[in-house]
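S.K.: Let me give you the structure first, and then I'll get to my questions.
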Amino acid sequence: MFIKQVVICGFRSYRNEVVVEPFHPHHNCVVGRNGSGKSNFFLAIQFVLSDEFSHMRPEQRQQLLHEGSGPRVVNAYVEITFDNTDNRIPIEKEEVTIRRVIGFKKDQYFLDKKNVTKTDVMNLLESAGFSRSNPYYIVKQGRINQMAVAPDSQRLKLLREVAGTRVYDERKEESLGILKDTEGKIEKIDEFLQYIEERLKTLEEEKEELKEYQKWDRMHRSLEYTMYDKELREVREKLESLDQQRLEEGDRTKDFTIHLSTTANEIKFLERDLKELEIKTSTTRSERDQLAEERQLQIRQRAKLELDLKDLDEICNDDLATKAHQQKN
């Protein structure tokens, strides 16, 4: 796998789109005058392949955009095309293109012109050997000289990092830390299991108590149902008896109403007779006044009439008393 083409636009000193190709599969040398963009060219490659340009502040983003004369550049991109005939990148294509676009606020990544996430690109590069834990696939200017004059201990450390043993040492420390945490979690789990066992024992005892309670509760409900059913039957019988009494009282009330109506009619007849008698009495009194002169002569007749009148009054009173007594009954 090697770089076949680099396209830069709007990045640092590259205002317009610049296409750099072809590249040799093994070694390439970039030469030029000071200020021609050699450092920015390597910085562009590093911008796409390394993890250094992450979590940048707005002013850092601004520094990566072209700041020359002319219209303001609001975004820039760097695109690298790899020869993948050896399938080092796990994609079934002979060429793989990765583009990173940078703006004032966010970045965008494209894989073969398809928008993807940064995580997808980093995972793809790491699977091809561009490991973030071993960043020596890009050696910056002056780094080689620093390595040459470094003491043996630093060179050994560097060789371990390049060989990848540092990663395993870090992973070992990480694994030991995880193992320690796991042992602590196991102790907590054992304590929790002991608590659960004690709790299960308590629940078993409560379960037996609950069964006993449910047994007596069913018996209690059965007795309550029996009592309520008995009370319900008694109440229904009382209601039926009261309904029967109400019907009988209704019949008696109906008979009493009929009797009362008959008595009222009889009273009306008696009142009419009484009025007639009063009229007769008035007429008799008139005649008595007219015949006052003849009173001495007709005293016997008058006495007889008075006796008759008295008898009539007694009869009327007896009838009235009888009617009143019947009405009370």
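The values are calculated or read from the model by the stated rules, or taken from the named source; none is laboratory data. In this text the structure is predicted, and so the values were computed from the model without any measurement. In this analysis, Cβ positions are derived from the backbone assuming ideal geometry, glycine residues included, and neighbour counts consider all displayed protein chains. Note: accessible area is taken over every heavy atom of the protein model, side chains too, but ligands, DNA and RNA are not part of it. Shrake-Rupley method; radii C 1.70, N 1.55, O 1.52, S 1.80 Å.
S.K.: Of everything in region 140-165 that's modelled with pLDDT of 70 or more and not in a helix (DSSP H, G or I), which residue is most open to solvent (accessible area, probe 1.4 Å)?
M.R.: Residue satisfying both the conditions and the ranking: VAL149.
S.K.: From the residues in region 14-49 that are among the small types (Gly, Ala, Ser) and buried (at least 17 other Cβ atoms within 10 Å of the Cβ), which one is farthest from ASN84 (Cα to Cα)?
M.R.: GLY37
S.K.: Against the definition (part of a helix (DSSP H, G or I) and either under 30 Å from PHE130 (Cβ atoms) or at pLDDT 90 or above (or both)), how does GLU170 come out, yes or no?
M.R.: yes
S.K.: Look through ARG99, ARG88 and report the one residue that is more than 14 Å from PHE2 (Cα to Cα), open to solvent by 20 Å² or more (accessible area, probe 1.4 Å), at pLDDT 85 or above and not hydrophobic (A, V, I, L, M, F, W, C).
M.R.: Of the residues listed, the single one that is more than 14 Å from PHE2 (Cα to Cα), open to solvent by 20 Å² or more (accessible area, probe 1.4 Å), at pLDDT 85 or above and not hydrophobic (A, V, I, L, M, F, W, C) is ARG99.
S.K.: Could you tell me whether LEU193 is modelled with pLDDT under 90, part of a helix (DSSP H, G or I) and open to solvent by less than 100 Å² (accessible area, probe 1.4 Å)?
M.R.: Judged against the criteria, LEU193 is not a match.
S.K.: Which pairs do you get when a residue that is in contact (Cβ under 8 Å) with a residue 12 or more places away in the chain and under 12 Å from ILE45 (Cβ atoms), found in region 5-31, comes within reach of a residue that is open to solvent by 40 Å² or more (accessible area, probe 1.4 Å) and part of a loop (DSSP other than H, G, I, E, B), reach meaning Cβ atoms under 7 angstrom, with the pair 6+ apart or on two chains?
M.R.: GLN5/GLU21; VAL7/GLU17
S.K.: Right, another one. Among (1) open to solvent by 40 Å² or more (accessible area, probe 1.4 Å); (2) assigned to a loop (DSSP other than H, G, I, E, B); (3) over 20 Å from ILE8 (Cα atoms), where does PHE104 come up short?
M.R.: (3)
S.K.: Now for a separate question. Give me a count of the residues in region 234-263 that are open to solvent by less than 90 Å² (accessible area, probe 1.4 Å) and over 26 Å from GLN326 (Cβ atoms).
M.R.: 4
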